[in-house]
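The block underneath contains the structure these notes are about, expressed in structure tokens.
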């Protein structure tokens, strides 16, 4: 029975193991490796990636997929077997579209552009970076043509991170979100003195912060028997297998919010993969189905759980045990308000739950204009600053705090930025649906019990891995396609109450 | 020019990267990985090893080696190119001798035997392990036959760890060493109360021990820019590249000697590969040339440096800063004597510099007898205990503290044990030659300066990697083949002085 499928599966395991091995090497590089090892490590990672790419894009793999598909004809859509072959067919077709020569060009351009971008950012010199960004934009257009698209060149890039998503839909949703969120942000701004977060800006011993981070990750359901928490300059989570999903955080000795919320955020990412159904292990289905869905889970844990009143009702006392002199006298209400302060800022990764989306929509609009040729790279800094003024009312004094802050474009990651806000919108829609389906959730969460909410996520999102597309998951879980309304409702209610609007 | 060689080199880089990647995964498994990840990690490591083995033993590799050899005909023996092709030819021929079916049998037997051995050791039940050890001995004989040998079946196994070494030579050297060291040990035993090491057996804070370990590794020349120190149950060192050679140690909160000397030992191993000539990188030449030579460098740093008077003359004050209440009043002489106490014990890994060799010679004699059929597995525990009585005058009360203590035989590592004592003998011969060639070394070392000694090792041993065989290195460096005399002279002088014989 199913011997073609078995043969395919064996090859898939091999490729999966190589990909995961490359991730172990990358994790180690970011968290343990001495600096002297870097050049050799890059060689090792490159070798692993080349080999897994060669194995995956081989003619043999194409034949294995076709043979298995023929053998499985008629097997249920939701079965592991049909889902795996469906996913592999799509992924294989896509991977075969980029010729090796193009990939080599792209890798070289990324590496050189990254070096120049680092220098340009350090020296606040956009002109230095400009020709490289022009080259990257050109290559991204070429990549989109190679992948192919029907309506919009941007569709081909977006699809890499949010399979099946269409630019026109995202644009409409973001436009609507923007039109609702900018007035909300402006209303909050007029009451900005209503919330004070200075209690979070005191000296906090880093060793104790690390213990607190461990405590908080455990509190939200991150499984340390199948995980590990380390320190990294830029926090990330990475799955080395569904049974070994690791997180990193960073510590600011003078701001408690940094480590607490980075840890909760990465725990949310990691729990998604920790909860993928075990039957999917050692296949590419044992991953988050899209960058947006992945972000929905990190945001859910960071914000819907970690910035809720109920959460701190239960956990503030423990935080106070870690930091009695700094926080011993603080009330739950004070703490809740402090972690929800809205403040305009120049830097995306430091933005609060509300203004974060403004940073994203800005980038989404600019990168579409760049790729469509409506905006030339030379005019990008001015366009950036103009939108910052329009969305947030502030203008970065330097390009370093503006257009040069993120690495994504340098790495040709056009199409990635929108997934951050898609994550917020998905999270709100999931949250609303979970509460609709089970109204007692509200009471539970108010009492600091989030188990039922996370069980809902496990059932409707996590367990499926990549068996379903993002659109399939959202529709199955919430009964409707993605919309901006739940997030706008959630944000409006939350900030109106906190800021007394 | 040399295009065949370039083609070979490219393939060698790929295989080397895969092997090193497997080591990164193993390092991570031993030091960071959560327990839940173990099954998946074993799959990943197995996939990497299978792939690198398949690439290395392919017909294509054989053709590449042959073509490069033909192209390089006449190139100098010591050149990188000739050395690499020479090494690869030997290694390829050897790797092709084991059929895949045998390797699969061996892996399965090792895995099962390991599980049974763990249980047998926990329950002190040799009978449980006996049939598995019989099976392993049979497979080891089969492996020796597959590799092939002329004089002695054991030669084929020894060659895996000490390329080119002959059983008859090792046997003669060990016999002579034994005849000199047993009387020395007995003389020391009659004066055992002359040395007291109770100052090392006090409570020592583990966090401070870790800082001390870092300090000591740096002091002997271990390069932390190309290394990392972690904690592991069984200390080891591993080279993830010559620019990333890591060490582990372990901490006993009631015995300072454990972490100090495990760290120095592993630093010695690691410095060998850290000092391999950079031109050898990304090839199998960038490794220690044999297990014995590797052990010579760990023993040199642990004992000839780390258990010398000069070393503590310089570093005891720093140790006293870490542990003022425990060691503040201790003199250099007291400390030097304490770290050189000779004590008979049942456990090899806890043995001192002198009795360690008795543990090894015992195992060397027993494993030869087993493989030759002169000893049956059922009689092994009695034979073990009889030799313990003969060599050290003590008999383990349980097999757990006797024949069941080591994993080596379980893993079919026959031929490995002698390399530990070979390491001690090599170290002494190197040490004596370095002093002969540069008599001012003695004064330097007495003043705690070991730079010149380590430079000598770098020049004569480290930099060559596997370009030369162990015998070539020893002869070039010391002008004569390996002998037991230098170690016997060193040990006799050292312990006669310490114990007032």
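What follows is calculated from the coordinates using simple rules that are stated; it is not laboratory data. Model, not experiment: these values are computed from the prediction. Here the Cβ positions follow ideal geometry from the backbone for every residue, glycine too, while neighbour counts run over all protein chains shown.
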Practice item. Over the whole of B:26-37, what's the average partner chain Cβ count within 10 Å per residue? Rounded to a whole number, please. Key: 6
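If you average the sequence gap of Cα pairs under 8 Å that are 6 or more apart and divide by the length of chain B, what percent do you get for the contact order?
Relative contact order comes out at 19 percent.
Given a Förster distance of 25 Å, report the FRET efficiency between residue A:6 and residue B:46 from their Cβ-Cβ distance, rounded to the nearest 0.05.
0.90
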**Study point:** Beta bridges by DSSP in the protein assembly as shown, antiparallel share as percent, to the nearest 5
**Key:** 60 percent
Check your understanding: Nearest 0.05, what FRET efficiency do residue B:138 and residue A:13 give at R0 = 25 Å with Cβ-Cβ as r?
Key -> 0.20
Practice item. Sketch the reach of a paramagnetic label on residue B:78 as a point 7 Å from Cα along Cα-to-Cβ, and name the residues of region B:411-436 whose backbone nitrogen lies under 17 Å away. Key: none
Review point. Is it possible to state the helix-based mean residue ellipticity at 222 nm for chain A, with each DSSP H run of 4+ residues giving -39500 (n - 2.57), the sum divided by total residues, to the nearest 500 deg cm²/dmol? What is it?
Key: -20500 deg cm²/dmol
Study note, to complete from the structure: Expressed in angstrom and rounded, the centroid-to-centroid distance over alpha carbons for region A:264-292 and region B:142-216 is 48 Å
**Study point:** Approximate spin-label separation residue B:211-residue B:127, in nm, with each point projected 7 Å along Cα-to-Cβ
**Key:** 5.4 nm
Study note, to complete from the structure: Taking every residue of B:280-287, the Cβ atoms of other protein chains inside 10 Å of its Cβ average out to 1
Review point. Counting only DSSP beta bridges with both residues in region B:154-501, what percent are antiparallel, rounded to the nearest 5?
Key: 60 percent
Review point. Taking Cα centroids, how far is region B:361-389 from region B:71-136 in Å?
Key: 22 Å
Point to revise | Over region B:117-236, relative contact order from alpha-carbon pairs under 8 Å, at least 6 apart, % | key: 8 percent
Point to revise | FRET efficiency, 1/(1 + (r/R0)^6) with R0 22 Å, evaluated for residue A:333 and residue A:493 via beta carbons | key: 0.80
**Study point:** Most to least packed among B:156-163, B:211-218 [average Cβ atoms within 10 Å]
**Key:** B:156-163, B:211-218
Study note, to complete from the structure: Under the 7 Å Cα-to-Cβ spin-label approximation, residue A:175 and residue B:325 lie apart by a distance in nanometres of 7.3 nm
Exercise for review: Could you work out the mean count of beta carbons from other protein chains within 10 Å of each residue's beta carbon in B:219-227?
Suggested key: 2
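Using packing as a proxy for protection, rank A:310-323, A:274-287, A:402-415 so that the peptide with the highest average count of other Cβ atoms within 10 Å comes first.
By packing density, highest mean first, the sequence is A:402-415, A:274-287, A:310-323.
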Study note, to complete from the structure: Here the residues of region A:231-247 lying in the modelled label zone of residue B:38, meaning backbone nitrogen under 16 Å from a point 7 Å along Cα-to-Cβ, are A:243-244
Review point. Over region A:153-501, one equal point on each Cα, no solvent: what is log10 I(q)/I(0) by the Debye formula at q = 0.08 Å⁻¹?
Key: -0.37
Revision key, fill the gap. Zone reached by a paramagnetic label modelled 7 Å from residue B:54 Cα along Cα→Cβ, restricted to region A:74-90 with backbone N below 14 Å, covers none
Study note, to complete from the structure: Ranked output for segments B:101-112, A:113-124 by mean other Cβ atoms within 10 Å, highest leading, reads A:113-124, B:101-112
Point to revise | Relative contact order (percent, whole number), region A:3-152, Cα cutoff 8 Å, 6+ residue spacing | key: 22 percent
Check your understanding: Taking 0.36 nm per intervening residue step and subtracting the Cα-Cα distance, what contour gain separates residue A:105 from residue A:168 on full extension?
Key -> 19.7 nm
